[in-house]
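The values are calculated or read from the model by the stated rules, or taken from the named source; none is laboratory data. Values in this document were obtained by computation on a predicted structure and should not be read as measured data. Here the Cβ positions follow ideal geometry from the backbone for every residue, glycine too, while neighbour counts run over all protein chains shown.
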Amino acid sequence: MPEAPAKELLSISNLHAHYGESHILHGIDLSVRQGELVTLLGRNGAGRTTILKSILGLVERRTGSIRVAGQETIKLPPFRIARLGVGYCPEERGIFSRLNVEENLLLPPIIKSGGMSLTEIYELFTNLLERKKSMGTSLSGGEQQMLAMARILRTGADLLLLDEITEGLAPVIVQALGKLIRQLKKRGFTIILVEQNFHFAADLADRHYVVDHGTIVEMIPMEALGASMDRLSGYLGV
Amino acid sequence: MHLSYQMVLAQLMLGLNNGAFYAILSLGLAVIFGLLNIINFAHGAFYMLGAFVALIGYTKLGPLLGMPDFHMNYWAALLISPLVVGLLGVLIEKTMLKRLYKVDHLYGLLLTFGLALILQGIFTNYFNVSGTSYNGKPEILRGVVNLKFMMFPTYRLWSIGLSLGVCFVTWFAIERTKLGSYLRAGTENPGLVQAFGVNVPLMITLTYGFGVGLAAFAGVVAAPIYSVSPIMGSEMIITVFAVVVIGGMGSIMGSIWTGLSLGMLEGLTKVIYPPAANTVIFFMMILVLLIKPAGLFGKEQ
């Protein structure tokens, strides 16, 4: 955790989001400082994925305020928001079946300087190098997840939105992902993690936001986690 | 019935010629459908428009500009006509189609169908429905070539080669280049591609302009072969839709192959059983729909 309070990279206030007739988020307030790793905890359907999608403008309608690196984005189209330095790894991974591994990796355009080079990425993800000419969706689930992560590290995005990256993966791969996230944090990436696997999240995060029925019900800093376990279990239904 | 192999080859060549037009048109339809999810019923009208830009440029533009001796030549038409019609497509996408992406696909189909009727209606008002011949065929492409098995018109040979070339370049651009990877990814998941910072709305506009420009290009190439008429598009598009249904909307290469082979099948039928020549493609369509409803190269959705 940073010693001095770093500047806010993302600040959301009074965010409401709608899909058609359904009102999903009811006034979310949340902020993330540069270099922080924050998780969104909650049950399925609590609205965590919708928070990430709203940050990128991928919901049908959103109101309130979302500032990325100081700039108001509520009226911007998704591609402009992404260019402010937001990288997104969706829950369904979003590997393109008509693109091979390398094309998938190179698809997101460079939006800022300071991203990892292709060589660095292939050093970090060696099996992607071995399979670079295979079609994207012929990879195993774990490899696809690595690919979905790897492709947003090249672009220079410094705020990463990671949605359920450990879902359905074998424990060894979950461990590898944990190691990767730690490395990324050390490199200065700011990360919002939506996670079902509480133990995975607890080890990594600086702070936890608990989401329930489209609102934030509690913010728990790392140090207070032990003391809040009972309440948290109630929210998560574990 | 006596079938000489010369006759068969000759009809196959003519069929290939038609097939090349089917290929370009169904290719454009497939590209547009892939990214916009709109069945572009106006495609035939843009093909017709392409031919008319060439015709008007050759016969009417000079007098209009006060230079009676000026003719926009064929080579210029090959370039200018797709640009003009493509630009019109961009305009239509920006002002009309754009508003329809959130509603059912059917609305896009209805809108483009309406546009096709309007365009066709306007031209029927000013031009002969039975066709006007285009006389701008360049000197170098006149005459015939000896293909050993037959004497084949030079222009038709050129139009086959050119069309196949354009199909191949389009396939290459989409399947093998960086720009094409945006298009392929956008076809699968436009939201995510936009979330990576790609200007997807602009990409959609340009893709529509490109697809429509391809149709206009086919129109220019067809102008010296068929006579230029306001209804040439609506006649062509019915067959092309059958080609698209047979090939399936999914694949670029698929629409090229289907276009070419169905053109040749049509040619072949002309020798074997001429009365069925105009309907053989539709019989094929029924057959394919019964056996593989998603089309030969399509994926079930």
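So that you can scan it fast, the table gives a plain yes or no per residue for (1) under 14 Å from B:LEU36 (Cα atoms); (2) more than 12 Å from chain A (Cβ to nearest Cβ); (3) assigned to a helix (DSSP H, G or I):
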position: B:GLY209; (1), (2), (3): yes, yes, yes
position: B:GLY213; (1), (2), (3): no, yes, yes
position: B:PRO224; (1), (2), (3): no, yes, no
position: B:GLY233; (1), (2), (3): no, yes, yes
position: B:MET236; (1), (2), (3): no, yes, yes
position: B:ALA242; (1), (2), (3): no, yes, yes
position: B:GLY254; (1), (2), (3): no, yes, yes
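For the range A:133-159, which positions are within 14 Å of chain B (Cβ to nearest Cβ) and polar (S, T, N, Q)? If the condition is that a residue be within 14 Å of chain B (Cβ to nearest Cβ) and polar (S, T, N, Q), then A:THR137, A:GLN144, A:THR155 are the ones that fit. Here A:GLY114 meets each of (1) in a loop (DSSP other than H, G, I, E, B); (2) free of Cβ contacts under 8 Å to residues at least 40 places away in the same chain; (3) away from every other protein chain (no Cβ under 14 Å) with one exception, condition (2). In the range A:42-56, the residues that are modelled with pLDDT under 95 reach residues that are assigned to a helix (DSSP H, G or I) with C-beta atoms within less than 8 angstrom, at least six apart or across chains, in these pairs: A:GLY42/A:ARG48; A:GLY42/A:TYR235; A:GLY42/A:LEU236; A:ARG43/A:TYR235; A:ARG43/A:LEU236. Which condition does A:ARG83 not pass, out of (1) touching a strand residue (DSSP E or B) at 6+ places or on another chain (Cβ under 8 Å); (2) free of Cβ contacts under 8 Å to residues at least 40 places away in the same chain; (3) within 14 Å of chain B (Cβ to nearest Cβ), if it passes all the others? Tallying (1) touching a strand residue (DSSP E or B) at 6+ places or on another chain (Cβ under 8 Å); (2) free of Cβ contacts under 8 Å to residues at least 40 places away in the same chain; (3) within 14 Å of chain B (Cβ to nearest Cβ), A:ARG83 fails exactly one: (1). Within the range A:129-151, the set of residues being over 22 Å from A:GLN183 (Cα atoms) and part of a helix (DSSP H, G or I) comprises A:GLU130, A:GLY136, A:THR137, A:SER138. When residues in the range B:179-193 are screened for being closer than 25 Å to A:LEU52 by Cβ and more than 9 Å from every other protein chain (Cβ to nearest Cβ), 2 of them pass. Please go through the range B:169-178 and give me each residue that is without any contact (Cβ under 8 Å) to a residue 40 or more places away in the chain and more than 9 Å from every other protein chain (Cβ to nearest Cβ), ordered by number. The answer is B:VAL169, B:PHE172, B:ALA173, B:ARG176, B:THR177.
Residues to consider are A:GLU60, A:GLU102, A:GLU130; find the one that is charged (D, E, K, R), within 9 Å of chain B (Cβ to nearest Cβ) and surrounded by fewer than 22 Cβ atoms within 10 Å (Cβ to Cβ). When all the criteria are applied, what remains is A:GLU60. Inspect all residues belonging to the range B:125-136 and state whether any of them is within 14 Å of another protein chain (Cβ to nearest Cβ), within 26 Å of B:TYR74 (Cα to Cα) and surrounded by 12 or more Cβ atoms within 10 Å (Cβ to Cβ). No: the range B:125-136 contains no residue that is within 14 Å of another protein chain (Cβ to nearest Cβ), within 26 Å of B:TYR74 (Cα to Cα) and surrounded by 12 or more Cβ atoms within 10 Å (Cβ to Cβ).
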